[in-house]
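The values are calculated or read from the model by the stated rules, or taken from the named source; none is laboratory data. What you see is a predicted model, and the numbers here were worked out from it, not measured in a lab. Counting neighbours? That spans all protein chains shown, and the Cβs are built from the backbone with ideal geometry, glycine included. Protein only, heavy atoms only, side chains kept; ligands, DNA and RNA dropped before computing areas. Shrake-Rupley method; radii C 1.70, N 1.55, O 1.52, S 1.80 Å.
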Amino acid sequence: MTILLVGIDGGGTGTRLRVATPGGAPIASGTGGPANIATDPDQAWRSIADALAQTRAHLPQGAVLHVAAGLAGAEVHGARARFLTRHPADFATFIVETDAYTSCLGAHGGADGAIMAIGTGSIGYALLTRAGETLRRRVGGWGFPQGDEGSGAWIGRRAVAAMLQAHDGRIAPDALTRACWSRLALEDDPPAWAVNRRPAEFARLAPLVLAADAEGSPQAAAILRDAAAEIDAQIAALCRPEGFADLPLCLLGGLGQVFAPRLSPESRKTLHAPRGNAVDGALLLARQGLEAGRHAGTQPGLRRLFNADRQDSQPAGSP
């Protein structure tokens, strides 16, 4: 009987999967479509199945799979339970967590630490072990437009707002407002472009802001300065409680390294390079499932592990 681990990172735009030995040696990998279990659990299952199917030719017949997944939407109440009841799974163990959790786990190799992920959205997450219990803390990540401050979508929305203000004559046009108008004119009437657009579409405007800043655009400089302040505020809130302040912090996501030199000295004081990614974190979690199954005397195919729906700890003062 061959025992293998499967780690899955599923987000709103795509899924990555890796199969490895219990010792961590990679066996095969696959990719799939979106896997947000709060918005479309059936699509998430299809994406995972597609990614796993790509690895089947590389797996020994009858291999026992211990699986863990970090999936977008897993923090939404009831989402995990609905996802796990959609289809039967022939996994020996199956742990479902949030993608922020597995990203933090992977970034610090399973040790205590914090992350600030800045991509299309933004979220801060931290893990701290005390007396054998893992404490979690989350800041931000509440979605666009009501949250995700400092993210690519937030930056893109600010760029569109500046473009419209310049169009009205409320501010002077500059390199950013002109570039934004030209870019949006390729798709739609620029003043109407933002209607019903998705966060990822706003986030695709972030490179325009970075390029315009390099050209000396006052509007781009102001947007990036404000974005950095928003990220600083999230990091400060994340690390404020006792014990969290000195945790190593990793900046993740497509804009993580863009903001590294723009943050305050306080935010940068514990910055570390990530040791791994969300798939690595999921594989660490899969190993925990394997060990838990062994401890419980689980037979292959008879046990499915998953955490009960819960809310991660919220910033002080949250309702």
Among the candidates 225, 198, which residue alone is under 26 Å from residue 12 (Cα atoms), open to solvent by 10 Å² or more (accessible area, probe 1.4 Å) and basic (Lys, Arg)? 198
Residue check, residue 13 under 22 Å from residue 86 (Cα atoms), β-branched (Val, Ile, Thr) and part of a loop (DSSP other than H, G, I, E, B): yes
Does residue 289 meet the test of being over 27 Å from residue 161 (Cβ atoms), touching a Leu at 6+ places or on another chain (Cβ under 9 Å), surrounded by fewer than 17 Cβ atoms within 10 Å (Cβ to Cβ) and at pLDDT below 90? no
Could you please tell me which pairs satisfy a Cβ distance under 6 Å, a separation of 6+ or placement on different chains, a first residue in the range 16-44 that is closer than 15 Å to residue 84 by Cβ, and a second residue that is of a type in the set (A, V, I, L, M) and open to solvent by 20 Å² or more (accessible area, probe 1.4 Å)? 38/76
Restricting to the range 215-243, what's the tally of residues that are more than 21 Å from residue 163 (Cα to Cα) and not small (Gly, Ala, Ser)? 10
Is there a residue being open to solvent by less than 60 Å² (accessible area, probe 1.4 Å) and over 25 Å from residue 102 (Cα atoms) anywhere in the range 248-263? no
Across the range 16-49, what is the total count of residues that are of a type in the set (A, V, I, L, M, F, W, C), out of contact with any helix residue (DSSP H, G or I) (no Cβ under 8 Å at 6 or more places or on another chain) and not in a loop (DSSP other than H, G, I, E, B)? 2
Any chance you could count how many residues in the range 124-182 are hydrophobic (A, V, I, L, M, F, W, C) and within 30 Å of residue 243 (Cβ to Cβ)? 8
Criterion first (under 20 Å from residue 13 (Cβ atoms), modelled with pLDDT of 90 or more and in contact with a strand residue (DSSP E or B) (Cβ under 6 Å, 6 or more places away or on another chain)) does residue 95 satisfy it? no
Mind checking which residues of the range 172-195 are part of a helix (DSSP H, G or I), open to solvent by 20 Å² or more (accessible area, probe 1.4 Å), within 13 Å of residue 159 (Cβ to Cβ) and among the aliphatic types (A, V, I, L, M)? 175, 179
